Amino acid sequence: MNAHPQQEMAHAIRFLSIDAIVKAQEGHQGVPLGMAEIATALYTRHLKYNPQDAGWFDRDRVVLSNGHGSMLLYSLLHLTGYPAFTLDEIKRFRVLGSVCEGHPERAHDAHNGIEVTTGPLGQGIANAFGMAVAEAFLNARFGSDVVNHFTYAFVGDGCLQEGVGQEMISLAGHLQLGKLVLLWDDNQITDDGSTELSITENVAERFRVAGWHVIELDGHDMEAVSAALDAARLDPRPSMLACRTVIAKGIARLQGQRGGHSARLFEEDAQAARELLGWRHGPFHIPADVQQAWHTAGQRSAAQYQAWQACVAALPVAQRAEFERVMRGELPAHWKQVLMDYKHKALLTPPGPSGIFISAEINDLLTPLLPERMVACADLEAPTSHKRGLTAFNAQDRLGAYVHCGVREHVMGSMANGMAAHGGVIALTVTYLAFADYQRPAMRMAALMGLPVKFVFSHDSIGIGRNGPTHQPVEIMASLRAMPNMWVMRPADAVEAAECWELALAHQDGPVSMVFARQSLPLVRHTHTSDNLARRGAYVLHEADCGPRQVTLLATGSEVLLAVQAREQLEAVGVGAAVVSMPCWELFNAQDAAYRQSVLGTNVRVGIEAAVRQGWDAYLGIDGGFVGMTGFGASGPADELYKLFNITPEAMVAQAKRLLKI
């Protein structure tokens with residue numbers, strides 16, 4: 001290697017990574033050893049950051065999309081002075097409880113330098129795209145004095161091979177996000193071997209035809225990397241820096257080869273690397289001059305940080321208060337009153353033609369009060385109707401709060417995660433429930449990171465009718481409920497919808513899936529109450545009237561009305577029947593045992609949902625009754641389908657009588 005003045009700084013990254021991986025006896029050395037010069041150029045000459053205030057709102061964002069190379073990020077965070085990443089933590093790489101986990105994990109309690117959890121390839125670059133969208137939107141709203149930063153992503157071949165990567169390339173190029181910069185580790189090697197095993201296209205050209213600014217360069221030449229970063233900052237297009245590198249550079253046994261990705265490193269490899277690269281220092285030892293150079297790099301933005309603080313302090317009082325509210329992620333005063341008024345109004349208004357239009361109306365009513373809310377939709381503006389008073393976010397208008405994502409559900413979900421992780425934006429996505437599978441990887445990552453993304457779904461069952469079984473999601477509710485830290489809400493009418501919206505907006509520790517019917521949702525609640533009954537997940541909508549409760553009918557969404565009708569038939573023949581609405585199982589499961597028992601009752605239970613039974617037995621018991629789907633749907637009018645699949649009040653009555661043996 002050439003004796004560049006900063007070469008020892010790059011080697012510090014290499015040897016911290018080597019030593020940590022050798023000590024852990026596992027890890028992925030290819031990325032930190034191959035991208036050391038790229039990272040050094042970025043962090044010492046271009047990045048705006050403050051290790052002592054990792055959550056500084058106007059910091060540049062850095063995403064390690066190739067998350068398996070986590071020691072690259074951990075080394076950088078340690079060397080530049082982030083308090084959480086001490087040398088002791090570096091030594092505990094991959095040890096249970098260490099902040100230096102196998103893949104980077106976003107902290108749930110406070111910022112520590114890791115912007116998002118990465119590992120599933122492609123998610124990181126799509127998150128970075130969402131961060132760039134959030135920055136552009138907030139920059140347009142609050143001005144460049146307080147919001148003006150770049151988003152950088154370290155990227156591997158896998159990130160660009162996953163389908164979500166191409167979705168991101170296309171949409172980011174269309175939106176011309178000039179403050180998004182990708183640093184591609186173009187080492188021509190994947191875990192299987194040469195990239196020629198699976199791809200032949202010119203990857204850089206994929207970016208060019210999508211409207212990106214592309215520079216191809218030597219990733220081990222820090223001057224070339226720095227010059228490319230300078231050019232990227234000046235270009236109005238998103239930038240892809242294709243950095244040709246050698247995987248695992250410095251490990252003679254593995255560099256440039258398939259094993260460079262993650263083959264086991266031994267003490268002998270570390271010693272050979274020290275000899276090859278002239279690193280005369282022992283394991284985990286960084287010489288004082290190199291450590292000082294990195295410490296100085298960590299302080300490079302101190303003046304910008306102080307100037308930004310002064311700019312915020314100098315804002316007019318009202319503007320400063322609004323900016324700081326948005327930065328903190330706090331909801332404005334009186335936001336609940338909009339929903340309370342809607343609940344009251346809903347009791348006096350005929351039901352609309354579609355359940356999803358109830359959500360759309362609530363969303364529209366909140367628009368003046370929540371200017372930080374951004375809605376993304378996958379080419380379904382008309383049937384979901386969540387645009388209304390919003391304007392489109394595009395290359396010409398960054399104040400628009402509605403992102404037309406095209407038919408790209410996966411990147412839509414990942415983008416929303418990036419927006420939420422960035423902060424200052426309430427991210428909401430809209431599509432059909434059948435297409436939740438397209439964005440499921442993003443939903444899983446939102447749940448894992450505890451990001452407050454709102455996933456809104458329409459067309460939730462066979463109730464969609466003639467579009468047929470491809471669009472009738474009989475199994476997806478169960479699969480979403482199986483996801484840890486995901487609230488799944490399926491309101492029965494407009495009143496419950498307002499309550500679910502209230503709960504979803506207030507929830508800051510994880511994502512929420514709000515699921516709405518295509519068909520109309522007539523009222524099942526007819527009396528106004530200021531209490532949010534949905535907050536406990538399930539509640540007794542109607543208690544038994546004709547005598548003691550003998551059967552409990554438990555239902556969600558559009559089937560609650562059918563349960564009410566079944567109750568009327570049972571009560572008419574002297575069977576005491578209660579109806580329980582269960583808009584959110586996760587909230588119900590969090591209630592105390594006494595409340596749950598009071599709702600479920602101690603006698604016969606029948607579950608009703610136009611979906612599969614999976615999950616219901618927790619409430620019904622193995623011998624409980626269930627009226628729902630046992631397979632996929634069919635094409636036909638909704639009312640005929642409900643009869644075909646025997647999801648009717650009469651079927652519920654029959655189930656109850658069978659279980660009661662009457």
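Scanning the range 102-134 for residues that are aliphatic (A, V, I, L, M) and open to solvent by 10 Å² or more (accessible area, probe 1.4 Å), which turns out farthest from the chain's Cα centre (by Cα)? It would help to see each step written out before you state the result.
Here is the first cut: in the range 102-134, the ones aliphatic (A, V, I, L, M) are 107, 110, 114, 116, 121, 125-126, 128, 131-134.
Keeping just the survivors that are open to solvent by 10 Å² or more (accessible area, probe 1.4 Å) gives 107, 110, 121.
On the way: A107: 14, A110: 17, L121: 14 Å.
Across the range 102-134, the extreme among qualifying residues is A110.
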In the range 617-640, is there at least one residue being within 26 Å of V512 (Cβ to Cβ), free of Cβ contacts under 8 Å to residues at least 60 places away in the same chain and open to solvent by less than 10 Å² (accessible area, probe 1.4 Å)? no
With (1) within 24 Å of Q166 (Cα to Cα); (2) in contact with a Pro (Cβ under 7 Å, 6 or more places away or on another chain); (3) open to solvent by less than 10 Å² (accessible area, probe 1.4 Å) as the list, and D460 as the residue in question, which single condition is left unmet? (1)
Scan the range 372-405 for residues that are part of a strand (DSSP E or B) and under 20 Å from the mean Cα position of the chain (by Cα) and jot them down. R373, M374, V375, A376, C377, Y402, V403, H404
Would you pick out the residues in the range 177-219 that are open to solvent by 30 Å² or more (accessible area, probe 1.4 Å), part of a loop (DSSP other than H, G, I, E, B) and closer than 22 Å to V63 by Cβ? K179, D191
Residue that is surrounded by the most Cβ atoms within 10 Å (Cβ to Cβ), among those in the range 465-480 that are farther than 10 Å from A611 by Cβ and touching a strand residue (DSSP E or B) at 6+ places or on another chain (Cβ under 8 Å): L480
Only residues that are outside any helix (DSSP H, G or I) and either open to solvent by less than 10 Å² (accessible area, probe 1.4 Å) or of a type in the set (D, E) (or both): list them for the range 135-155, please. D145, V146, V147, H149, T151, Y152, A153, F154, V155
Within the range 291-319, restricting attention to residues that are open to solvent by 70 Å² or more (accessible area, probe 1.4 Å) and β-branched (V, I, T), which residue is nearest to T44 (Cα to Cα)? T296
Residues of the range 305-364 being at pLDDT 95 or above, over 28 Å from the mean Cα position of the chain (by Cα) and of a type in the set (G, A, S), which ones? A307, A310, A313, A314, A318, A346
What are the pairs, 6+ residues apart or on separate chains, where a residue within the range 365-379 that is open to solvent by less than 30 Å² (accessible area, probe 1.4 Å) has its Cβ under 8 Å from a residue that is assigned to a loop (DSSP other than H, G, I, E, B) and of a type in the set (S, T, Y)? R373/T367
Pairs with Cβ under 8 Å, 6+ apart, first in the range 83-101 and open to solvent by less than 70 Å² (accessible area, probe 1.4 Å), second part of a loop (DSSP other than H, G, I, E, B) and hydroxyl-bearing (S, T, Y): E89/S98
If you scan the range 46-82, which residues turn out to be closer than 20 Å to I286 by Cβ, open to solvent by 20 Å² or more (accessible area, probe 1.4 Å) and not hydroxyl-bearing (S, T, Y)? Q52, H78, G81
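Let's see how each residue does on (1) touching a helix residue (DSSP H, G or I) at 6+ places or on another chain (Cβ under 8 Å); (2) more than 30 Å from A24 (Cβ to Cβ):
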{"site": "A288", "(1), (2)": "no, no"}
{"site": "A302", "(1), (2)": "no, yes"}
{"site": "E381", "(1), (2)": "no, yes"}
{"site": "K387", "(1), (2)": "yes, yes"}
Tell me, which residue of the range 135-161 that is under 16 Å from V403 (Cβ atoms) and among the charged types (D, E, K, R) is farthest from the chain's Cα centre (by Cα)? R141
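Suppose the filter is of a type outside the set (A, V, I, L, M), over 25 Å from R61 (Cα atoms) and open to solvent by less than 20 Å² (accessible area, probe 1.4 Å); does D269 pass it?
So D269 fits the description; yes.
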Of all the residues that make up the range 418-434, how many are over 18 Å from R59 (Cβ atoms) and touching a strand residue (DSSP E or B) at 6+ places or on another chain (Cβ under 8 Å)? 8
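What's the total number of residues in the range 585-622 that are in a strand (DSSP E or B) and polar (S, T, N, Q)?
Here is the first cut: in the range 585-622, the ones in a strand (DSSP E or B) are 604-608.
Narrowing further to those that are polar (S, T, N, Q): none.
Looking only at that region, the number is 0.
Table: residues versus (1) under 24 Å from K657 (Cβ atoms); (2) buried (at least 21 other Cβ atoms within 10 Å of the Cβ); (3) touching a strand residue (DSSP E or B) at 6+ places or on another chain (Cβ under 6 Å).
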| position | (1), (2), (3) |
| --- | --- |
| W501 | no, yes, no |
| F516 | no, yes, yes |
| H528 | no, no, no |
| A534 | no, yes, no |
| G537 | no, yes, no |
| Q550 | yes, no, no |
| A555 | yes, yes, yes |
| E568 | yes, no, no |
Between residues in the range 188-209 that are farther than 24 Å from P238 by Cα and residues that are surrounded by 13 or more Cβ atoms within 10 Å (Cβ to Cβ) and of a type outside the set (S, T, Y), which pairs lie under 6 Å by C-beta distance while being six or more apart or on different chains? I189/I247; T190/D157; D191/H261; G193/R258; T195/D157; T195/Q188
Of all residues in the range 599-616, count the ones that are closer than 24 Å to L533 by Cβ, among the β-branched types (V, I, T) and open to solvent by 20 Å² or more (accessible area, probe 1.4 Å). 2
Filter result (open to solvent by 20 Å² or more (accessible area, probe 1.4 Å) and under 19 Å from the mean Cα position of the chain (by Cα)) within the range 162-176: E162, G163, Q166, E167
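The values are calculated or read from the model by the stated rules, or taken from the named source; none is laboratory data. A quick note: this is a predicted structure, and the numbers were derived from the prediction, not measured. A quick note on method: Cβ atoms are made from the backbone with ideal geometry, for glycine too, and the neighbour counts reach across all protein chains shown. These area figures cover heavy atoms from the full protein model, side chains too; ligands, DNA and RNA do not enter into them. Shrake-Rupley method; radii C 1.70, N 1.55, O 1.52, S 1.80 Å.
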